[in-house]
């Protein structure tokens, strides 16, 4: 590729810019609910499987405890989640969606869906992009391994 080292020809920069646009889109949609994009990801994970340990949640979202713990604390204060120690192993803390999170689930998901639809991304295009990104992510995770 000619001029490979130009900024516009860097895949990493294109992904970075796209991520920035997604963050702006989600921030705008989630602001009325009083949650951030990372907090929305926590809720998505808990809506899929409630009662994940902090470690499981961190693994699922690829977030360290240094980032996740204060976020969960803020979400607990605002009534979105609740932390509970596991009785059989006091070292483990589980996170549960609270009624507020369950009550707002449809409204949040509908608001997000409306905003994504406003981007004119067709379902087939969305699915293809997601598939390509997962393949790319797998290649990056497995680089250097044969």
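Structure data summary
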item: Which numbered condition residue 91 misses (of (1) free of Cβ contacts under 8 Å to residues at least 12 places away in the same chain; (2) surrounded by 12 or more Cβ atoms within 10 Å (Cβ to Cβ); (3) under 26 Å from residue 55 (Cα atoms)); result: (2)
item: Condition check for residue 138: over 22 Å from residue 38 (Cβ atoms) and loosely packed, with under 10 Cβ neighbours inside 10 Å; result: no
item: Residues of region 38-52 that turn out to be within 19 Å of residue 86 (Cβ to Cβ), touching a helix residue (DSSP H, G or I) at 6+ places or on another chain (Cβ under 8 Å) and without any contact (Cβ under 8 Å) to a residue 40 or more places away in the chain, as a count; result: 1
item: Subset of region 1-32 (residues that are surrounded by 12 or more Cβ atoms within 10 Å (Cβ to Cβ), under 16 Å from the mean Cα position of the chain (by Cα) and either in contact (Cβ under 8 Å) with a residue 24 or more places away in the chain or not in a helix (DSSP H, G or I) (or both)); result: 25, 26, 29, 30
item: Any hit, region 76-87, residues being loosely packed, with under 14 Cβ neighbours inside 10 Å, at positive phi and modelled with pLDDT of 95 or more; result: yes
item: Condition check for residue 61: within 13 Å of the chain's Cα centre (by Cα) and under 19 Å from residue 116 (Cβ atoms); result: no
item: Inter-residue pairs, beta-carbon under 9 Å, first closer than 17 Å to residue 15 by Cα and in region 117-146, second part of a loop (DSSP other than H, G, I, E, B), 6+ apart; result: 129/121
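The values are calculated or read from the model by the stated rules, or taken from the named source; none is laboratory data. The model shown is predicted, which means the values in this text are computed figures rather than measured ones. So basically every Cβ, Gly included, is an ideal-geometry build from the backbone, and we count neighbours across all protein chains shown.
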